[in-house]
1. What's the magnitude of the charge dipole for the chain around its Cα centre, counting Lys and Arg as +1 and Asp and Glu as -1 at the beta-carbon? Answer in Debye, nearest 20.
2. Pick out, from Val31, Pro58, Leu82, the residue whose Cα sits farthest towards the positive end of the charge dipole of the chain, with +1 on the Cβ of Lys and Arg and -1 on the Cβ of Asp and Glu.
3. As a quick test, which of the pairs Lys9/Lys55; Lys9/Lys78; Lys9/Lys57; Lys14/Lys57; Lys55/Lys78; Lys14/Lys78 have an alpha carbon distance above 24 angstrom in this structure?
4. Quick check: convex hull of the Cα atoms in the chain, volume per residue, rounded to a whole Å³?
Amino acid sequence: MKKIRVIIKDPGAKPRSVWISDTLENLQKHVGGYIEINHIATDLLIICDEEGRLKDKPFCARIMNWTFVGTIILAGSKGEELADIPVTMAELREAFPHLWEGIKE
């Protein structure tokens, strides 16, 4: 089982860097449902619950004109495979400051 370094963002919480296994079952467990993958760059993607809005999950983040609800996972990609996130937490904060809005640190 391969582990990858990702950023997990829960609604109302600051993003955190963790190592997780990249199995479908584990990704579904983290987002709380069937996964949907959104590519935001060639090597960066967001994994979320594809039925999050239908389940009335709470707002999590707005990134590049997409609104995400429920827990999201930011990960890297290499071709068809998931990979370690290709940015540092500082780079992520600079590129997507909205992930930290309204959160007490």
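Every number in this text was worked out from the coordinates using simple rules, so none of it is lab data. Quantities reported herein were computed from a predicted structural model and do not represent experimental measurements. In this analysis, Cβ positions are derived from the backbone assuming ideal geometry, glycine residues included, and neighbour counts consider all displayed protein chains.
1. It comes to approximately 320 debye.
2. Pro58
3. Listed pairs above 24 Å: Lys55/Lys78; Lys14/Lys78.
4. Given the Cα convex hull of the chain, per-residue volume reads 93 Å³.
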